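Undergrad: Dumping the structure here so I can ask a few things about it.
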């Protein structure tokens, strides 16, 4: 297995690399062959997907507000909703939910800062 590099030349004959980004500039810099615009989910659909992946624990009164906040921070992005939901699926420790929310907020802040820099 080749870790950390994208196959090139004959190595890439049967390989495909999927790059996901919110920035078309990243696609251009990576010289992608094809760009497919993905749309974000609306709030209700996003919550349903997150709930499906987060498990029944999201209905626990102390977890529910944190779960809602985490789902909102995912911004309707299906990959984030699924990944984060599965990573904390049925976890009851509040610290884990707070940590997930904190990490989502940091990512949102970094993403927004990057976007503002590229618009300057």
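Here, each number is a calculation from the coordinates, and none is a lab measurement. Fair warning: this is a prediction, and the values are worked out from it, not measured in the lab. Neighbour counts run over all protein chains shown; Cβ positions are idealised from the backbone, glycine included.
Undergrad: Looking only at segment 84-100, how many residues end up being assigned to a loop (DSSP other than H, G, I, E, B) and surrounded by 15 or more Cβ atoms within 10 Å (Cβ to Cβ)?
TA: The first filter runs over segment 84-100 and keeps only residues assigned to a loop (DSSP other than H, G, I, E, B), leaving 88-93.
Checking the rest, the ones that are also surrounded by 15 or more Cβ atoms within 10 Å (Cβ to Cβ) come to 88, 91.
Residues that pass the stated criteria total 2.
Undergrad: Got a sec? Which helices (runs of 4 or more DSSP H) wholly within segment 9-82 have at least 2 residues that are over 14 Å from the mean Cα position of the chain (by Cα) and exposed (fewer than 13 other Cβ atoms within 10 Å of the Cβ)? Even if it seems obvious, please write down each step before you answer.
TA: Numbers: elements: 24-29, 43-54, 64-73.
Result: 24-29, 43-54.
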